[in-house]
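Readers should treat all values here as calculations from the given coordinates under stated rules, not as data from a laboratory. Note that the structure is a prediction, hence the values are computed from the model and not measured. When we count neighbours, we look across all protein chains shown, and the Cβ atoms used for this are built from the backbone with ideal geometry, even at glycine.
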């Protein structure tokens, strides 16, 4: 697959320029806020960074500063917070989304088709039209779009466009033909081919497990395409103050792209990988998780599994039928027995397990498997429930058992509110996006974005978490306001909680002695800001390992001296 590289990206991600070796740096005269590691908040006025890029000392009011340091940064009273950690993202997909057709802003089907037509005309050399971000709910449709509609904008060139949640794809007739999909093609396990009304003919949309029918026939990205996509993703993340990300669904090709970037000194963010299934887990980690590599820039912790789909495409696995589609309860991707077998395969070699579960039946099934496996696999497992969007209130107390982590995405609540009401009906919303109730059980909250499903914007996520409102301030008083979190809890979920969820609480997520010096200069104090101010927060500088990695003034990545895979 051939993608055009963004202008200037090769320069921005070139091999590291000659820079001074790490030396002691004093960052002083700041209004500093960090989690204290106990669920609270600590304030500070400065800190010292050692020659390994770690915090050597934190200074509070009245503390004596060292008289001699190699460098000093005068914060001029600016606000400093720890680097944000996105506990659930899709790094390469985020980069590829920057390089392909983006339909996320299309408000109607006609507008989407217009954008597709323009993209196709602007990229005549590409063999397929690829992109995503469409949302039929946002278009006001009570159905999925069709291949015939897509044909109007694409002509004879194959087209494949993924839904905003990544759990459905829209194909045109040329793509159907290329994949050999017809009325005789059966729905695969855990997937659905949406059919034309009154017939077996494929209408054009493929849900969850059926997406592979088309994707297996698409041209594959070249290594250089992956390298460019990774550069785009890093730039997008650093600009929003994200210094570390849990990559959910890393393939061996993705992992090699991360390694190539690190070998050239171009790995700026910290990536903790969860392999895309057992096969990739073994290819990347072999008999066990990898150690930390490249000065704590890269690690493979475990495996990502899928139990169900998403609400928007009605793939989320529910206990009762959908309120707006009584004929279905969703699409389970596997049975509990199959899930437990895969979890056991990973757990036996001490890989951490992260499972996508959105619907209430999926969450209940996963909690059953966690209880079952916890009797066999002792120790600190930190079972991860990814999304936990719709939970039966009767199941919420179970999150407090067996060290379970709720990896959730506040931005989904604001985006999905109206759609969730339609899918579930008003009587089944008590356990929807129930952050505070789940945290009250003792489960750790780890917040992320699910980028590129939502943009990785932690301060927007904090605004939603502390208000249960969208950018328009609706609904008044917040949606299910009993689940509103405090500012302290929201900040910790994006820092100390997310670090804990990836077994990094001893080195990431805080500005504290011995921790990696990952921090941000921002224009508001998150402990005093209103939700509206949090949403509007601007990052001016992103620092990783004691070096500036991104600056708003330059709006670019800043190269770093190379380190080897042992961190030296």
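Mind ranking 41-48, 149-156 by how tightly packed they are, going by the mean number of other C-beta atoms within 10 angstrom, highest first?
Going from most to least packed, we get 41-48, 149-156.
Nearest 10 degrees is fine. How inclined is helix 109-122 to the longest principal axis of the chain, computing both from alpha carbons?
The angle comes out near 70 degrees.
Take the Cβ-Cβ distance between residue 350 and residue 259 as r, set R0 to 25 Å, and report the resulting FRET efficiency rounded to the nearest 0.05.
Using R0 = 25 Å, I get an efficiency of 0.70.
Find how much the distance from residue 143 to residue 121 grows on full extension, using 0.36 nm per residue of separation minus their present alpha carbon separation; answer in nm with one decimal.
Going from the current span to full extension adds 5.2 nm.
Which of the three applies to the stretch 128-215, rounded, prolate or oblate, going by the alpha-carbon gyration tensor with a ≥ b ≥ c and a/c under 1.5 meaning rounded?
It comes out rounded by the Cα gyration axes.
Specify the inter-centroid distance of the stretch 348-369 and the stretch 193-230, based on alpha-carbon positions, in whole Å.
For the stretch 348-369 versus the stretch 193-230, the Cα centre distance is 26 Å.
Along its three principal axes, how long is the stretch 357-452 when you only count alpha carbons? Whole Å, largest extent first please.
Over the stretch 357-452, Cα extents along the principal axes are 41, 27, 22 Å.
Got the relative contact order for the chain handy, in percent, Cα pairs under 8 Å and 6 or more residues apart?
19
Rounded to the nearest 10 degrees, what's the angle between the helix 360-374 long axis and the longest principal axis of the chain, both from Cα atoms, 0 to 90?
Approximately 60 degrees, to the nearest 10.
Treating each Cα of the stretch 431-478 as an identical point scatterer and ignoring solvent, apply the Debye formula and state log10 I(q)/I(0) at q = 0.14 Å⁻¹.
At q = 0.14 Å⁻¹ the computed log10 ratios are -0.40.
With r as the distance between the Cβ atoms of residue 430 and residue 74 and R0 = 45 Å, compute the FRET efficiency 1/(1 + (r/R0)^6) and round to 0.05.
0.35
Which shape class, rounded, prolate or oblate, goes with the stretch 305-362 when its Cα gyration tensor gives a ≥ b ≥ c as root eigenvalues, a/c under 1.5 marks rounded, and past that a/b bigger than b/c marks prolate?
Since a/c reaches 1.5 and a/b is larger than b/c, the shape of the stretch 305-362 is classed as prolate.
Shape verdict for the stretch 312-410, please, from the Cα gyration tensor: rounded (a/c under 1.5), prolate (a/b greater than b/c) or oblate.
Prolate is the answer for the stretch 312-410, as a/c is 1.5 or above and a/b outweighs b/c.
Hey, what does the equivalent ellipsoid look like for the stretch 394-516, semi-axes from the Cα gyration tensor as sqrt of 5 times each eigenvalue, largest first, whole Å?
Its equivalent ellipsoid spans semi-axes of 25, 17, 12 Å.
Calculate the radius of gyration of the Cα atoms of the stretch 27-114 to one decimal place, then report Dmax, the largest Cα-Cα distance, as a whole number, both in Å.
21.2, 65
May I ask you to order 105-117, 267-279, 250-262, 328-340 by the average number of other C-beta atoms within 10 Å around their residues, highest value first?
267-279, 250-262, 328-340, 105-117
For the chain, take the longest principal axis of its alpha carbons; what is the angle in degrees between that and the long axis of helix 410-424, to the nearest 10 within 0 to 90?
Here the helix axis deviates by roughly 20 degrees.
Need the C-alpha centroid separation for the stretch 432-486 versus the stretch 251-267, integer Å.
Here the answer is 32 Å between Cα centres.
Per q in 0.09, 0.10, 0.16 1/Å, what log10 I(q)/I(0) does a Debye calculation on the alpha-carbon atoms of the stretch 225-509 return?
So the normalised log intensities are -0.40, -0.50, -1.32.
If you scale each eigenvalue of the Cα gyration tensor by 5 and take the root, what three semi-axes come out for the chain, rounded to whole angstrom and sorted largest first?
38, 27, 23
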